[in-house]
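Report on one structure; see the data block that follows.
Where a number appears in this text, it was derived from the coordinates with a stated rule and is not lab data. Quick caveat, the model's predicted, so the values are computed rather than measured. No Cβ is skipped: glycine too gets one built from the backbone with ideal geometry, and neighbour counts run over all protein chains shown.
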Amino acid sequence: MTSRVYRLHSTLELQLEDVHEFFDGYDLPVEIEDVDVTRRNNTLIVSAIAAEDNISKYTPTAQLKASVTENRLYETEDGWQETPPEDHESGSTGSDDGPQWGNFSDGAQVQEEEVEVNSKLVEYACFKGDRETVLQNTALQYPMFEVLCDLAKYADSGTLTAIATVDGELEAVRIVDGEQREASIEVVEDPRERDSENAVNWRDNEFISG
């Protein structure tokens, strides 16, 4: 029985080099022989290449799609982070109006040196949106969904929630900041009978709970 992804929402963010590193050492599902990672301007596309010849070369296979953005990282004692060190941010190294001077007991004055904070621009791949945005095309869709789940477990930040069928059984998936979380599905016979405030909102996946 064919497995299928019905609902999906992702807020995953990974450094672009981490995405390439992930696929370099990753064992793909048996249905996928390889993946083609392509950069088109500010878009990253990871396309599945079928392991068997029963899929026509003209059939679009499933692909993962991410937008590429730049974030500035600052070097701190705890490593690289997106926010500048507090002492630099608070301006304790000096004001912008001019040099700061320190007085010594002999009356001499020495200009305090402003401490420079090392920073760098880093590209991120942002797998953000619903199924139609992040996971596209039908052929090999579920195997590529498995790839996305493993990528979510590899990521340090972001959430992936989904509802799929596996061998005819409904399955809920919830991965938060690289960790698999417990999830459940509430099945409602007629959602229209529910109060508007409790209506199904698939974007937020209210029926997937930890």
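With Cα atoms as the point set, the stretch 23-80 shows a radius of gyration and Dmax of 16.5, 54 Å. Protection proxy ranking of 63-76, 23-36, by the mean of other Cβ atoms within 10 Å over each peptide's residues and highest first, is 63-76, 23-36.
Excluding same-chain neighbours fewer than eight residues apart, the lysines reachable from Lys57 by a Cα-Cα span under 25 Å are Lys65. Exposure proxy ranking for Arg131, Arg181, based on other Cβ atoms within 10 angstrom of each Cβ and starting from the fewest, stands as Arg181, Arg131. Scanning residues 5 or more positions from Leu8 or on other chains, those with amide H under 5 Å from its amide H are Arg131, Ile163, with H placed 1.01 Å from N in the peptide plane. Note that the stretch 63-76 has calculated 3J(HN,Hα) couplings of 9, 9, 10, 9, 8, 9, 10, 10, 10, 8, 10, 10, 7, 10 Hz, one per residue in order, obtained from phi through the Karplus relation 6.51 cos²θ - 1.76 cosθ + 1.60 (θ = phi - 60°); glycine and proline are x.
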